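Single-structure report; data block below.
The values are calculated or read from the model by the stated rules, or taken from the named source; none is laboratory data. All values derive from a computational prediction rather than experimental measurement. Cβ placement follows ideal geometry from the backbone for every residue including glycine, while neighbour counts extend to all protein chains displayed.
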Amino acid sequence: MPSTTSKNVLLVHAHPEPTSATRHLVQVAIHTMEAQGHTVTQSDLYGIGWKAVFDQDDFLIRANPERLAFIDESGHAYATGSQTPDVEREQAKLAAADAVILLFPLWWFGMPAIMKGWIDRVWAFGLAYGYQGAGNTYRYGEGGLAGKRAMLAVTVGGPAIDYGPRGINGPLEQLLFPITHGSLFFPGMQVLPTFAVYDAVRIDAGRMALIESDWQTRLQDLFDSAPIAFRTQNGGDYPDRHVLADDVVPGVFGLDAHIKA
Ligand SMILES: Cc1cc2nc3c(=O)[nH]c(=O)nc-3n(C[C@H](O)[C@H](O)[C@H](O)COP(=O)(O)O)c2cc1C
């Protein structure tokens, strides 16, 4: 049964071409979420001319004019209200969002630079990391973005078989782990399984109708479906907050160990 409470959904998308598969997913998401009674806000990164590069221009009043230490300057700008207006606008949208959906084409097994730059710049120290001035005390399941849901919607040029469990590219969800786990779960968001459209360079009308239907179903379940079962830092699996306890999935290493079976 889909959630009936009205929520705020932020769509962050990175494709300049209105007829692209990515932008098609954006349009379907707008219609589907609005039809559910939700409020949709967009960050059309190409459309707003988002500055992708995190650099000295991000810090209007430097804590240390002599040496550019990004973490220190990010924390200072966030704490003192001296971030750039574009970053403040995006953080305000983020704060108002109950769910954030990142929609992008897979470029070199990751997100386009403009979207990486959105994360780099908007995920300020004090908000997405270094939460409450407590170092890494709150991360992986807790932090400044806790209580929000997140999902990736990715168009992929290659076929699904290349991204299967033994596919030559590696499983898509593992390739995207730095985003789902590292960028979204780290500051506390609950991350849903990725919605992927494979063979996205060639989509005829018949297949597009099926994709739309699958996407609508995923969107209708946005606030109800189970997130990826990433292990929380403070839930007991990492007694020293760094390494999994010996008795947690012994013999399992790498990324899989951080997801409950
Ligand atoms: C710079 C660039 C890098 C790409 N890297 C990948 C990749 O790593 N894996 C893949 O399957 N397809 C890759 N592709 C193909 C895109 O994923 C594909 O063109 C896109 O998903 C099509 O959807 P769109 O209509 O939304 O652009 C790449 C395309 C470009 C332009």
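Can you go through Val28, Val87 and tell me which one is surrounded by 13 or more Cβ atoms within 10 Å (Cβ to Cβ) and touching a Phe, Trp or Tyr at 6+ places or on another chain (Cβ under 7 Å)?
So the residue among Val28, Val87 that is surrounded by 13 or more Cβ atoms within 10 Å (Cβ to Cβ) and touching a Phe, Trp or Tyr at 6+ places or on another chain (Cβ under 7 Å) is Val28.
Just to be sure I understand the filter: pairs with C-beta atoms under 6 Å, separated by 6 or more residues or on different chains, first member in the range 97-114 and closer than 15 Å to Tyr198 by Cβ and near the ligand (Cβ under 9 Å from one of its atoms), second member of a type in the set (A, V, I, L, M) and modelled with pLDDT of 95 or more. Which pairs pass?
Phe104/Ala14; Phe104/Met111; Phe104/Met115; Leu106/Val154; Leu106/Val156; Phe109/Leu175
Restricting attention to the range 134-150, report how many residues are of a type outside the set (Phe, Trp, Tyr), over 13 Å from the mean Cα position of the chain (by Cα) and surrounded by 14 or more Cβ atoms within 10 Å (Cβ to Cβ).
7
How about the range 150-169: which of its residues are in contact (Cβ under 8 Å) with a residue 12 or more places away in the chain and away from the ligand (no atom under 11 Å from the Cβ)?
Residues satisfying the conditions are Ala150, Met151, Leu152.
Any residue at all in the range 66-77 that's in a loop (DSSP other than H, G, I, E, B), of a type in the set (A, V, I, L, M) and crowded, with 17+ Cβ neighbours inside 10 Å?
no
Looking at the range 1-25 only, could you name the residues that are more than 16 Å from the ligand (Cβ to nearest atom) and surrounded by 22 or more Cβ atoms within 10 Å (Cβ to Cβ)?
Val9, Leu10
Looking only at residues that are in contact (Cβ under 8 Å) with a residue 24 or more places away in the chain and either on the phi > 0 side of the Ramachandran plot or over 19 Å from the mean Cα position of the chain (by Cα) (or both) in the range 49-71, which one is farthest from the ligand (Cβ to nearest atom)?
Residue satisfying both the conditions and the ranking: Leu60.
Exactly one condition in (1) closer than 30 Å to Leu60 by Cβ; (2) outside any helix (DSSP H, G or I); (3) within 16 Å of the ligand (Cβ to nearest atom); (4) among the hydrophobic types (A, V, I, L, M, F, W, C) is false for Leu127; which is it?
Here Leu127 meets the rest and fails (3).
Could you check the range 78-102 and list, in sequence order, the residues that are of a type in the set (Gly, Ala, Ser) and part of a loop (DSSP other than H, G, I, E, B)?
Gly81, Ser82, Ala97
Step by step: first the residues of the range 170-193, then only those that are within 14 Å of the ligand (Cβ to nearest atom) and not in a helix (DSSP H, G or I), then the one that is farthest from His258 (Cα to Cα). Which residue is that?
Ranking the qualifying residues of the range 170-193, first place goes to Gly170.
Give all pairs with beta carbons closer than 7 Å in which a residue from the range 3-32 that is farther than 16 Å from Ala153 by Cα meets a residue that is in a helix (DSSP H, G or I) and at pLDDT 95 or above; count only pairs at least 6 apart in sequence or on separate chains.
As it stands, the answer is Asn8/Ala96; Glu17/Arg23, since those pairs meet every condition given.
Among the residues that make up the range 206-215, is at least one of them in contact (Cβ under 8 Å) with a residue 40 or more places away in the chain, under 20 Å from Phe104 (Cα atoms) and part of a loop (DSSP other than H, G, I, E, B)?
There is no residue in the range 206-215 that is in contact (Cβ under 8 Å) with a residue 40 or more places away in the chain, under 20 Å from Phe104 (Cα atoms) and part of a loop (DSSP other than H, G, I, E, B).
So which of Val197, Val201 ends up being touching a residue at least 12 places away in the same chain (Cβ under 8 Å), surrounded by fewer than 14 Cβ atoms within 10 Å (Cβ to Cβ) and within 16 Å of the ligand (Cβ to nearest atom)?
Every option except Val201 fails the conditions.
For the range 26-45, which positions are within 16 Å of the ligand (Cβ to nearest atom) and in contact with an Asp or Glu (Cβ under 7 Å, 6 or more places away or on another chain)?
Of everything in the range 26-45, just one residue is within 16 Å of the ligand (Cβ to nearest atom) and in contact with an Asp or Glu (Cβ under 7 Å, 6 or more places away or on another chain), namely Val28.
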